[in-house]
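Quick notes on the structure that follows.
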Amino acid sequence: MMTYREMYELAEKNLAPKAHGDGFSSGSVSAVLEGANGKYYCGVNIDLYCGLGFCAERSAAAAMITDGETVVRRAVCVGEDKKLWTPCGACREFLSLLSPENRETRFLVSLEGEKEVRLGDLMPLPWNER
């Protein structure tokens, strides 16, 4: 099992900010997701100026889903400033809908003491629970 530091280093290694031409850039945010199957999935953001891009967490989740996994145990997200990020609202919702277990996903928020926050603590009450 990777340590949080190793997950951070992998995410940092995958940072590759690049402008691909008019209206398209990528790689300024990188994420690593640890699936319940013990595998690690990486992704970077894709920004399209028309608004159709997607975040690094969803990019990593797409690779995870392709591998047949839907449960995320731990996650690390790093911006091009090399600081840790928490997922945006869209990614929070996306991950929580992949599996109810993902409300327990732990996001690293500080390497000092490996401080983490649960995805469920970042979310309001689920819209689909009445």
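Residue-level check: of (1) under 21 Å from Val117 (Cα atoms); (2) without any contact (Cβ under 8 Å) to a residue 60 or more places away in the chain, Arg74 misses just (2).
Suppose we filter the range 10-43 for residues that are acidic (Asp, Glu), over 23 Å from Lys83 (Cα atoms) and open to solvent by less than 20 Å² (accessible area, probe 1.4 Å); how many remain?
0
Among the residues that make up the range 80-92, is at least one of them open to solvent by 50 Å² or more (accessible area, probe 1.4 Å), polar (S, T, N, Q) and touching a strand residue (DSSP E or B) at 6+ places or on another chain (Cβ under 7 Å)? Taking every residue of the range 80-92 in turn, at least one turns out to be open to solvent by 50 Å² or more (accessible area, probe 1.4 Å), polar (S, T, N, Q) and touching a strand residue (DSSP E or B) at 6+ places or on another chain (Cβ under 7 Å).
Only one entry of Glu80, Glu112, Glu101, Glu116 meets the criterion of being touching a residue at least 40 places away in the same chain (Cβ under 8 Å) and either basic (Lys, Arg) or within 17 Å of Thr3 (Cα to Cα) (or both), and that entry is Glu116.
Among the conditions (1) touching a residue at least 24 places away in the same chain (Cβ under 8 Å); (2) in contact with a Phe, Trp or Tyr (Cβ under 9 Å, 6 or more places away or on another chain); (3) more than 14 Å from Arg106 (Cβ to Cβ); (4) hydrophobic (A, V, I, L, M, F, W, C), the only one that Leu15 does not satisfy is (2).
Conditions tested, residue by residue: (1) of a type outside the set (Val, Ile, Thr); (2) loosely packed, with under 11 Cβ neighbours inside 10 Å; (3) within 16 Å of Gly35 (Cβ to Cβ).
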| residue | (1), (2), (3) |
| --- | --- |
| Phe94 | yes, no, yes |
| Glu104 | yes, no, yes |
| Glu112 | yes, yes, no |
| Met123 | yes, no, no |
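Restricting the range 44-60 to residues that are farther than 23 Å from Lys115 by Cβ, of a type outside the set (Val, Ile, Thr) and touching a helix residue (DSSP H, G or I) at 6+ places or on another chain (Cβ under 9 Å), the residue that is least open to solvent (accessible area, probe 1.4 Å) is Asn45.
The values are calculated or read from the model by the stated rules, or taken from the named source; none is laboratory data. Here the structure is a predicted model, which is why all the values come from computation and not from measurement. Glycine gets a Cβ as well: all are built from the backbone with ideal geometry, and neighbour counts include every protein chain shown. Surface accessibility is based on the protein's heavy atoms, side chains included, excluding ligands, DNA and RNA. Shrake-Rupley method; radii C 1.70, N 1.55, O 1.52, S 1.80 Å.
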